[in-house]
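Written out below as structure tokens is the structure these notes cover.
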Amino acid sequence: MAKKLVAAAQQTTNKRFRQAVITHFHGDHTNGIQFMGVADVIAHEQCRATMAKLVSQPKPANWAKRENWADGNEDFKLALPNLTFSEKMTFYHDATEVELIYPGLAHTAGDTLVYLPNQKILFTGDIGSFGVTPLHGSGYATGVIKTCDKILEMDVETIVPGHGPVGGKAELAEMRDYFILLQREGKKRFDAGVTAGRAAADIDLGKYKTWADSDRISTNMARMYSEFGGTISPDQDFPAFVKAREEYTALARR
């Protein structure tokens with residue numbers, strides 16, 4: 001996909017990439033950077049710290065073969081950011097102003113919003129997910145809701161989400177309300193001693209049930225339970241996700 005992106009950009013603009021901005025550390029947003037030929041990779045300092053841990057782990061020689069992802073012959077490399085920022089960073093490409101904004105804890109602990117103020121365009125990374133159920137394994141529901149509220153107050157017309165079609169504030173508000181629904185209904189069940197998997201199966205998603213991958217509610221609820229219980233951290237709790245998924249699946253089949 002990264003190779004296709006490079007080819008499409010060159011066909012459209014006849015220009016090459018000079019910089020890559022990482023919105024967060026998840027592999028579907030970082031793994032292809034090695035093919036872009038950029039001089040600089042920019043990210044929030046917490047994003048780089050997380051990626052540095054991944055780089056230090058044992059790794060295969062090649063990317064695993066996967067249809068539409070990798071042919072199995074590419075060298076396995078992770079493009080560790082060489083430029084970081086803490087709160088805000090601004091740079092210019094000719095007359096184009098680009099603002100990098102750290103929103104606080106949101107989809108991960110180290111997200112970056114990319115804002116083009118003159119064009120009124122905002123790239124949200126996976127803080128935005130339009131028409132597709134967000135996958136919230138590293139997220140902070142309270143932070144996502146707060147960030148969405150801040151974006152809705154910004155001078156923005158076009159919002160490019162991490163997943164789903166390009167939209168605007170209406171689509172962002174709709175996605176924010178998904179988290180409000182899960183947080184409100186999940187907290188009731190958490191306080192009542194209901195498990196995360198059972199809570200996920202019990203909650204009526206309403207219109208969000210028609211969104212792609214609606215069963216991600218089990219992972220999302222397990223993550224929210226760690227937030228409710230005060231045990232949340234930047235690390236993903238995979239055993240909790242598996243447990244919630246298994247219980248949710250068993251109950252959903254009844």
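State whether one or more residues within the stretch 150-158 are under 17 Å from M224 (Cα atoms) and crowded, with 19+ Cβ neighbours inside 10 Å. Within the stretch 150-158 (the criterion being under 17 Å from M224 (Cα atoms) and crowded, with 19+ Cβ neighbours inside 10 Å), the answer is no, since none of the residues qualifies. A residue that is free of Cβ contacts under 8 Å to residues at least 24 places away in the same chain, of a type in the set (S, T, N, Q) and over 28 Å from I180 (Cα atoms) can be found somewhere in the stretch 73-90. Given the conditions (1) under 21 Å from T108 (Cβ atoms); (2) in contact (Cβ under 8 Å) with a residue 60 or more places away in the chain, which single one is not true for N68? Of everything listed in (1) under 21 Å from T108 (Cβ atoms); (2) in contact (Cβ under 8 Å) with a residue 60 or more places away in the chain, N68 misses just condition (1).
Entry remark, the stretch 15-36: residues being small (G, A, S) and assigned to a helix (DSSP H, G or I) number 1 in total.
For the stretch 45-54, the set of residues classified as surrounded by 13 or more Cβ atoms within 10 Å (Cβ to Cβ) and of a type outside the set (S, T, N, Q) consists of E45, C47, R48, A49, M51, A52, L54, listed by residue number. For the stretch 205-246, the set of residues classified as in contact with a Ser or Thr (Cβ under 6 Å, 6 or more places away or on another chain) and either β-branched (V, I, T) or in a helix (DSSP H, G or I) (or both) consists of S214, R216, I232, F241, A244, R245, listed by residue number.
Candidates are the residues of the stretch 201-216 that are hydrophobic (A, V, I, L, M, F, W, C) and within 12 Å of E185 (Cα to Cα); the one that is surrounded by the most Cβ atoms within 10 Å (Cβ to Cβ) is A201. If the condition is being over 21 Å from the mean Cα position of the chain (by Cα), surrounded by 13 or more Cβ atoms within 10 Å (Cβ to Cβ) and among the acidic types (D, E), then the stretch 55-107 contributes E74, E97. Pick out the one residue from R184, R189 that is modelled with pLDDT of 95 or more, basic (K, R) and buried (at least 16 other Cβ atoms within 10 Å of the Cβ). On inspection, the qualifying residue turns out to be R189. Taken over the stretch 113-128, the criterion of being surrounded by fewer than 24 Cβ atoms within 10 Å (Cβ to Cβ), β-branched (V, I, T) and under 16 Å from the mean Cα position of the chain (by Cα) is satisfied by V114 alone. As a summary of the residue check, T12 satisfies the conditions (1) assigned to a helix (DSSP H, G or I); (2) within 16 Å of the chain's Cα centre (by Cα); (3) over 23 Å from D71 (Cα atoms) except for the one numbered (2). For the stretch 72-109, filtered to residues that are of a type in the set (A, V, I, L, M) and in a loop (DSSP other than H, G, I, E, B), the residue that is farthest from G143 (Cα to Cα) is A95. Could you tell me whether A64 is under 19 Å from D126 (Cα atoms), among the small types (G, A, S) and in contact with a strand residue (DSSP E or B) (Cβ under 9 Å, 6 or more places away or on another chain)? Here the answer is no, as A64 does not meet what is asked. Scanning the stretch 42-54 for residues that are in a helix (DSSP H, G or I) and either in contact with a Lys or Arg (Cβ under 9 Å, 6 or more places away or on another chain) or not β-branched (V, I, T) (or both) returns E45, Q46, C47, R48, A49, M51, A52, K53, L54. Residues of the stretch 171-211 that are of a type in the set (S, T, N, Q) and over 23 Å from K243 (Cα atoms): T210 alone.
When T147 is tested against (1) more than 11 Å from the chain's Cα centre (by Cα); (2) farther than 19 Å from K88 by Cα, only condition (2) is not met.
The values are calculated or read from the model by the stated rules, or taken from the named source; none is laboratory data. Please read these numbers as outputs of a predicted model, since none were measured by experiment. Using ideal geometry, Cβ is built from the backbone for each residue, glycine included, and neighbour counts are taken over all protein chains shown.
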